[in-house]
Amino acid sequence: MFAWDDLRIVLAIARAGDLRKAAASVGVNHSTMFRRLNALERALGSKLFERLATGYRATDSGQRLLEAAERMETEALALDRDLTGRDTRLTGTVRVTASETLAFGILAGEIARFREQHPGIQVELMVDNRVLDLSRREADIAFRAIRPAEGDLFGRKLNDIAWRFYAAPAYLEAHGRPRTLRDLGRHQSIGWGEAMQPTKAAAWLDRNMTGGQVFGYRTGSLVNQMLAAKAGIGLALLPTYLGGADAGLAAVLPPLADLRTELWLVTHRSLKDTARVRAFMDIVGDGVKKRLAAAMRG
């Protein structure tokens, strides 16, 4: 019989492809992971991974064990969600994932309000622009920019998000204020790093602003783009809830009619009736919705 901890090791190494990263993902050090893998291979009398220059790759035996481990993990996660979904207590931890801009611009205040009403619920906020897997309990609740497509997820749209250009008042005084979109070509603008994952905002800039000389500065962080605009580097295309809330920035041109994004609040269907999850989605979700609506009007 295999212990679940042994199978977790196999899963972690297969997914990470690297012993150090795998060790970190399960909360042990590298030497412990190395010893446990060697002990498991000795007990089975078979190599589970090839040690390659590019990383660890599962052998046929390792792949067979990996398939069994994934089935067990799926069942364990389903059981965990089912039991958590029956929890009616307004205590415990809620793990939330959100983008950097939402965490910076809106969420801190709403989480503070939530904690005042429910001091027995701890909130763990993971600031991450990746789409975490709610089925694997990488998070309990997610703020996402797209409608959930997976059938086992439950969510509601909070609002549309408007985008417009912002700049530091000192920059506009020195270089003039653009009056039309065509005027943007005569200004320095802040763009996205070319190696970053494409976004709607980055795609809009690529379509509407030609010539590499337009972008005097590039970064993959919207918060850093905002700070760069405040420093006077140039114009930044930002969501209105971020740029409009900063007194050090002035809005330039109206919100773009052909650039709108969305914000959804999502959880797994088996967790939507968990008391602490439902409370967070109701209180924080409604608060974020109101703030986004105000930003759209502004």
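Just so you know, all these numbers are worked out from the coordinates, no wet-lab data involved. Given the structure is predicted, the values throughout are model-derived calculations rather than measurements. With ideal geometry, Cβ positions are generated from the backbone for all residues, glycine too; neighbour counts draw on all protein chains shown.
Details
- Three-way shape label, region 162-259, alpha-carbon gyration tensor, a/c 1.5: rounded
- Those aspartates and glutamates that a straight Cα-Cα span of less than 17 Å connects to Lys47, excepting residues fewer than 8 apart in one chain: Asp6, Asp18, Asp60, Glu67
- All distinct Cα pairs of the chain go into the 1/r average, and the inverse of that average, the Kirkwood radius, is 22.2 Å.
- Within region 266-297, backbone nitrogen closer than 20 Å to the virtual label 7 Å beyond the Cα of Arg137 toward Cβ: 266-281
- Cross-link partners for Lys200 among the lysines, with Cα-Cα distance under 22 Å and sequence neighbours closer than 8 places in the same chain left out: Lys157, Lys289.
- Region 162-259, relative contact order in percent, only Cα pairs under 8 angstrom and at least six apart counted: 52 percent
- Whole-angstrom gap from region 126-169 to region 235-298, using each part's C-alpha centre: 10 Å
- Close amide H pairs (under 5 Å, H built 1.01 Å from N) link Thr261 with Ile161, residues at least 5 positions away or on another chain.
- Rounded to the nearest 20, the Cβ-based charge dipole of region 4-83 about its Cα centre (Lys and Arg +1, Asp and Glu -1) stands at 420 debye.
- The HN-Hα couplings worked out from phi for region 254-270 by the Karplus form 6.51 cos²θ - 1.76 cosθ + 1.60 (θ = phi - 60°) are x, x, 6, 5, 9, 9, 9, 10, 10, 9, 10, 10, 10, 9, 7, 4, 6 Hz, whole numbers, x standing for Gly and Pro.
- Placing pseudo-labels 7 Å out from each Cα toward the beta carbon at Asn29 and Leu52 gives an inter-label distance of 3.0 nm.
- Between Glu124 and Asp152, residue separation times 0.36 nm minus the direct Cα-Cα distance comes to 7.8 nm.
- Under 15 Å, Cβ to Cβ, from Ala39 - net charge with Lys/Arg +1 and Asp/Glu -1: +2
- With 5 Å bins from 0: P(r) over region 4-83, alpha-carbon pairs, percent: 3, 16, 26, 26, 17, 7, 4, 1, 0
- Mean separation of Cα contacts under 8 Å, 6 or more apart, over the residue count of region 4-83: relative contact order %: 29 percent
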